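One structure is given below, encoded as structure tokens.
The values are calculated or read from the model by the stated rules, or taken from the named source; none is laboratory data. Only a predicted model underlies this, so the values are computations on that prediction, with no experimental measurement involved. Here the Cβ is made from the backbone with ideal geometry for all residues, glycine too, and neighbour counts use every protein chain on show. Surface areas here come from the heavy atoms of the whole protein model, side chains and all, with no ligands, DNA or RNA. Shrake-Rupley method; radii C 1.70, N 1.55, O 1.52, S 1.80 Å.
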Amino acid sequence: MNNASFKVKALSWHPYIQPLDLQSANEEQLAAMQVTPSNTKVSPYVRTLAHDPESYVARTKLFNAIMYVEGGLNRAERELGALVASAVNRCVYCASVHARRYVELSGRADVVEGIYLKSLDGPFDTRSQAIVDFCKTLSQTPSIVTPDQVRALLNCGMSKSEIVDLIHSAAIFGWANRLMHTLGHSGPVNSK
């Protein structure tokens, strides 16, 4: 079921630390910001992380390799893993971004609507439920992921390497959400 009328509101992110001013950024910082996967303007978040260009480049290369690599788990399901992790971690900014990307890539507004209006408990179709359950547990307490949860993913046709891709997408958002929470806060677009 696809509910095209359900929309996730775009949010903006407001840093606690003044982002780099592009006019005064040094050569290393400017070069680091070229690694971003977006072809749009460099966001305040990128400009905040680029205060430490070396770690920004390492983080962004890893992020790009997990979320944008060709092959393996499809992009939509990587976005669903990121959405679930962000929902568990209560990072509303990341959850809104990845909810919109998941809908854009999958056409499955019904899954996002279920997460937002009901809960991560579903019910969802079998494959989405297996992904949500696995990523929810992985994001809450990784050590209690069960063999049954992995088996549910395998039974839905996911390969072992695709499961590793899903683990990576949820895990990097455990980290990304903590960066977002520590360095700033989210709010309505165009507010401070």
Task: Electrostatic dipole magnitude of the stretch 79-192 [Cβ: Lys, Arg +1; Asp, Glu -1; Cα centre; debye, to 20] - done: 340 debye
Task: C-alpha long axis of helix 75-88 to longest principal axis of the chain, angle in ° - done: 80 degrees
Task: Per-residue ³J(HN,Hα) for the stretch 137-150, Karplus 6.51 cos²θ - 1.76 cosθ + 1.60, θ = phi - 60°, Hz, x for Gly and Pro - done: 5, 4, 7, 7, 8, x, 5, 9, 4, 9, x, 5, 5, 5
- [ ] Give the share of C-alpha pairs in each 10 angstrom bin for the chain, from 0 to the last occupied bin, in whole percents, shortest bins first.
- [x] 9, 35, 35, 17, 4, 0
Open item on the list: If N is the number of residues in the stretch 115-192, what value comes out of its Cα radius of gyration divided by 2.2 N^0.38 Å?
Closed with: 1.30
Open item on the list: Using alpha carbons only, how many angstrom separate the centre of the stretch 67-82 from the centre of the stretch 92-163?
Closed with: 12 Å
TODO: Summarise the accessible area of the chain (1.4 Å probe, protein heavy atoms) by the percent that is carbon and sulfur.
DONE: 55 percent
Open item on the list: Explain nothing, just the number: dipole magnitude of the stretch 7-109 about its Cα centre with +1 on each Lys and Arg Cβ and -1 on each Asp and Glu Cβ, in debye rounded to the nearest 20.
Closed with: 600 debye
Task: In sequence order, calculated HN-Hα J values of the stretch 20-33 (Karplus, 6.51, -1.76, 1.60; Hz; x Gly/Pro) - done: 4, 7, 4, 5, 10, 5, 7, 4, 5, 5, 5, 5, 4, 6
Task: Student exercise, the chain dipole from Lys, Arg, Asp, Glu Cβ charges, in Debye to nearest 20 - done: 380 debye
Task: Coil-residue GluC sites (Glu not before Pro) of the stretch 97-174, DSSP, other Cβ within 10 Å capped at 16 - done: none
Task: Accessible area per residue in Å² at 1.4 Å probe, computed on the chain - done: 53 Å²
- [ ] Under a cut-off of 18 Å between alpha-carbon atoms, report the aspartates and glutamates in cross-link reach of K61, not counting same-chain residues fewer than 8 places apart.
- [x] E28, D52, E70, E79, D165
- [ ] Using packing as a proxy for protection, rank 23-34, 56-67 so that the peptide with the highest average count of other Cβ atoms within 10 Å comes first.
- [x] 56-67, 23-34
Task: Net lengthening on full extension, K118/T146 (0.36 nm per residue, minus Cα-Cα) - done: 7.7 nm
